[in-house]
1. To the nearest 0.05, how large is the calculated FRET efficiency for SER131 and PHE182 if R₀ is 41 Å and r is the Cβ-Cβ distance?
2. Net charge within 14 Å of TYR77 by Cβ-Cβ distance, Lys/Arg positive one each and Asp/Glu negative one each, not counting TYR77 itself?
3. Given the -39500 (n - 2.57) contribution per DSSP H run of 4+ residues, what per-residue ellipticity at 222 nm results for the chain, rounded to the nearest 500 deg cm²/dmol?
4. Summing Lys, Arg as +1 and Asp, Glu as -1, what charge do residues with Cβ under 13 Å from the Cβ of ASP158 carry, ASP158 excluded?
5. So how many Å³ per residue does the convex hull of the Cα atoms of the stretch 96-182 work out to?
6. If the chain between ALA141 and LEU157 were fully stretched, how many nm would it gain, using 0.36 nm times the residue separation less the Cα-Cα distance?
7. Give the Rg/Rh ratio for the stretch 2-181, taking Rg as the radius of gyration of the Cα atoms and Rh as the Kirkwood radius, to two decimals.
8. Below 8 Å, C-alpha to C-alpha, sequence gap of six or more: please give me the relative contact order for the chain in percent.
Amino acid sequence: MKKYVYAALLALAMGSAHAQVYVEGGFGLSHLDVDCSGMSDCDSDGTGFKLIGGYKLNPNAAVEIGYVDFGEAKSDYYGSRLTVKTSAIYAGMALRADLAAGFGGVLRLGLANVDTEVSLRSGYYGSGSDSESSISLLFGAGLEYQLTKDLRLTGALDFSTNEYEGESGTVRLLSVGLKYDF
């Protein structure tokens, strides 16, 4: 799935010779809302990353496609390790506004295919994994600081929901990164 995102970002970047196309990448802290009741050790915080390709319709609006890795949550229970990983591929809109000299704000809204993978590793019960995909909204808000004409420092908070066997939870990524306009 990641290969398709990389190919789409590359095609998007090569498709335009003027400053309407951009790429953005970021990494940071992730959190998955999982139920850890009864577990001896539970860590629902981790690290994640995102890659985005966009096309500016005008200076304030753009269409985007992207990949967000929301990281993983891990819990232990009497020698067994349960791991939940969540990622999303999305398409949507980004709205930008200048806030002050060199600073801007961005809001994102998109439709995401969210993939949740659950795996169990146990010395007693063996190992196994399962995954489930669902369609969910992706919402993001962030700030940008202009470093050069084409390069911006970004900070953002992106949210979505994951589902597995009828249960759903919020996933989020707090990231810092760079945005480059071609």
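1. 0.75
2. Net charge around TYR77: -1.
3. Mean residue ellipticity, 222 nm, calculated: -2500 deg cm²/dmol.
4. 0
5. Cα-based convex hull of the stretch 96-182, divided per residue, equals 132 Å³.
6. 5.2 nm
7. Using Cα coordinates only, the ratio equals 1.05.
8. Computed value for the chain: 21 percent relative contact order.
All of the numbers you see were taken from the coordinates with simple rules; none came from a lab. In this text, all values refer to a predicted model and were calculated from it rather than measured experimentally. Neighbour counts run over all protein chains shown; Cβ positions are idealised from the backbone, glycine included.
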